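Have a look at the structure below before the remarks.
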Amino acid sequence: MSGDQWNNTIYWRNQAGSEADKLQREKEKNRKENEAKAEQKQREQSRNTSNVNYLQAKLSDAEKEIEYYKSLLTKPMHEIANANGDFKKTYQEQQTILGEWMVSQRAFKELAIQLGIEAGRTKEDVIEEGLSNDIKVLNGETEHGNDFNQSEWQIFYAPKIKAKLGIK
């Protein structure tokens, strides 16, 4: 073998070796990238599983809270108020308004009885006549504009009150 042939052989052998090394390095690089991708995917799946478990626990807690409030709403208003501080304030304000209304109603009843007695009627006559005026109020037939004509109340509550009092 001549010197040139020998050099060519060595050159091509070196080329083949460096190509093989290059392919081996490329193969190793791809293997490491694939391992990194697999590890990343595993971490993401673990994080997703953890997130799903967390969300399922939160959903379960929310469902329990919903059931609690559904159950609470079936109870009398004072029990609901005692269980919820924010509602308690509103409830107490409403009870105060109702109390003021009841005092006003009793004051007008007292005045009606007093005026009736001054006009020569008995207390019982005045009360009986007042009760018969319920029908006029509920039906919007009062003589002095004291009809029960507020839309929601008239539509929803008046029929219930009439039924309770046996009024058609």
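Every read-out reported here was derived from the displayed coordinates using simple, explicitly stated rules and does not represent laboratory data. Owing to the predicted nature of the structure, the values given are computational and were not obtained by experimental measurement. With ideal geometry, Cβ positions are generated from the backbone for all residues, glycine too; neighbour counts draw on all protein chains shown.
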In the stretch 111-132, how many residues are outside any helix (DSSP H, G or I) and basic (Lys, Arg)? 1
Just give me the residues in the stretch 117-142 being surrounded by 11 or more Cβ atoms within 10 Å (Cβ to Cβ), within 18 Å of LYS168 (Cα to Cα) and among the polar types (S, T, N, Q), in sequence order. ASN133, ASN139, THR142
